[in-house]
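Colleague: Quick one: this structure, given as structure tokens, is what I'll be asking you about.
The values are calculated or read from the model by the stated rules, or taken from the named source; none is laboratory data. Worth saying up front: this structure is predicted, and the values here are computed from it rather than measured. Positions of Cβ are generated from backbone atoms using ideal geometry, with glycine treated the same way; all protein chains shown enter the neighbour counts.
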Amino acid sequence: MPYGIEAKDLIIFVAGAVIALLIAYFFYKRGLPQKRLSYSTRVRSLVYRSSNQPAGLKDGLRITFDGKESEALKRVTVLVWNSGNQPITGQELTTKMPLHVTVPHKGF
């Protein structure tokens, strides 16, 4: 090869250049301004149907809501946060339909 460059050196150079370009592109995309609203839910049962628990539905405990008996009592925690790198202002969240949580008919 010209200038005393061997083929393996050229291959190593090209592979290094490609890896450097991929790393640069990754950090370029990561650094772009973005606003991303993320959420997470956690469901925890408050009353268990197990026989080894001190207070359970088998011990005569009854849960009612509006006069209807419920099979389970659960606590649902919903966390909402901005996972982007730019702040989200209140004006950007205003819509005709406010932020709300919809529970499936079958439950959790």
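Colleague: Against the definition (at pLDDT below 90 and more than 30 Å from THR94 (Cα to Cα)), how does LEU32 come out, yes or no? Before you say what the answer is, go through the steps one by one.
Modeller: Values: at pLDDT below 90: yes; more than 30 Å from THR94 (Cα to Cα): no.
Here the answer is no, as LEU32 does not meet what is asked.
Colleague: Which residue is nearest to PRO87 (Cα to Cα), if the candidates are limited to the stretch 15-48 and must be in a strand (DSSP E or B) and touching a Lys or Arg at 6+ places or on another chain (Cβ under 8 Å)? Even if it seems obvious, please write down each step before you answer.
Modeller: Residues of the stretch 15-48 in a strand (DSSP E or B): 37-45, 48.
Imposing the further condition that a residue be touching a Lys or Arg at 6+ places or on another chain (Cβ under 8 Å) reduces the set to 43-45.
On the way: VAL43: 29, ARG44: 31, SER45: 35 Å.
By that ranking, first place goes to VAL43.
Colleague: Could you check the stretch 70-95 and list, in sequence order, the residues that are more than 20 Å from the chain's Cα centre (by Cα), surrounded by 10 or more Cβ atoms within 10 Å (Cβ to Cβ) and part of a loop (DSSP other than H, G, I, E, B)? Even if it seems obvious, please write down each step before you answer.
Modeller: As a first pass, look at the stretch 70-95 and keep what is more than 20 Å from the chain's Cα centre (by Cα): 70-74, 89-92, 94-95.
Among the residues that remain, those that are also surrounded by 10 or more Cβ atoms within 10 Å (Cβ to Cβ) are: 70, 72-74, 92.
Hits for the stretch 70-95 are ALA72, LEU73.
Colleague: Can you work out which of the residues in the stretch 47-69 that are among the basic types (Lys, Arg) and surrounded by fewer than 11 Cβ atoms within 10 Å (Cβ to Cβ) is modelled with the highest pLDDT?
Modeller: Taking the candidates together, the pick is LYS68.
Colleague: How do the pairs read when you match residues in the stretch 91-102 that are on the phi < 0 side of the Ramachandran plot and acidic (Asp, Glu) with residues anywhere that are in a loop (DSSP other than H, G, I, E, B) and surrounded by fewer than 10 Cβ atoms within 10 Å (Cβ to Cβ), using Cβ under 6 Å and keeping only pairs 6 or more apart or on different chains?
Modeller: Filtered contacts from the stretch 91-102: no entries.
Colleague: Looking at the stretch 96-104, is at least one residue under 20 Å from the mean Cα position of the chain (by Cα), at pLDDT 90 or above and not in a helix (DSSP H, G or I)? Before you say what the answer is, go through the steps one by one.
Modeller: Going residue by residue through the stretch 96-104, those that are under 20 Å from the mean Cα position of the chain (by Cα) are 99-104.
From the residues that got through so far, the ones that are at pLDDT 90 or above too are none.
No.
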